[in-house]
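Comments concern the structure below.
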Amino acid sequence: MRRSEFLRAVEAEFPGRSSALLEDLVLTALEGRTAKVALSDGAPPRDIWLALCEEMDVPESRRHGVGRLEPRRR
């Protein structure tokens, strides 16, 4: 998962709350860091996404494949 895919996934799953969650929610799985701090520390976006999903009780069915854009048609 790329950073851009991560950011799209967060916005799609938590519309209107994504900024607050990224900046304020402390994630236990990320050693008590926020998603924003973990990103700036170089943590893989997919690990952050999964930690955020775990903390926010996002169902397994919505954790995979989100944030991706459809491939361009040629």
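The values are calculated or read from the model by the stated rules, or taken from the named source; none is laboratory data. This structure is a prediction, so every number in the text was calculated from the model and none was measured. Here the Cβ positions follow ideal geometry from the backbone for every residue, glycine too, while neighbour counts run over all protein chains shown.
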Problem set entry | Subset tally (residues that are in a helix (DSSP H, G or I), under 17 Å from Arg63 (Cβ atoms) and not hydrophobic (A, V, I, L, M, F, W, C)) for the stretch 29-53 | 3
Exercise. Going through the stretch 15-65 one residue at a time, which ones are modelled with pLDDT under 95 and polar (S, T, N, Q)?
Worked result: Ser18, Ser19, Thr28, Ser61
Exercise. Can you name the number of the only condition in (1) in contact with an Asp or Glu (Cβ under 9 Å, 6 or more places away or on another chain); (2) modelled with pLDDT under 95; (3) in a helix (DSSP H, G or I) that Leu69 fails?
Worked result: (3)
Exercise. Got a number for residues in the stretch 43-65 being farther than 16 Å from Met1 by Cα and either touching a Gly at 6+ places or on another chain (Cβ under 7 Å) or crowded, with 17+ Cβ neighbours inside 10 Å (or both)?
Worked result: 1
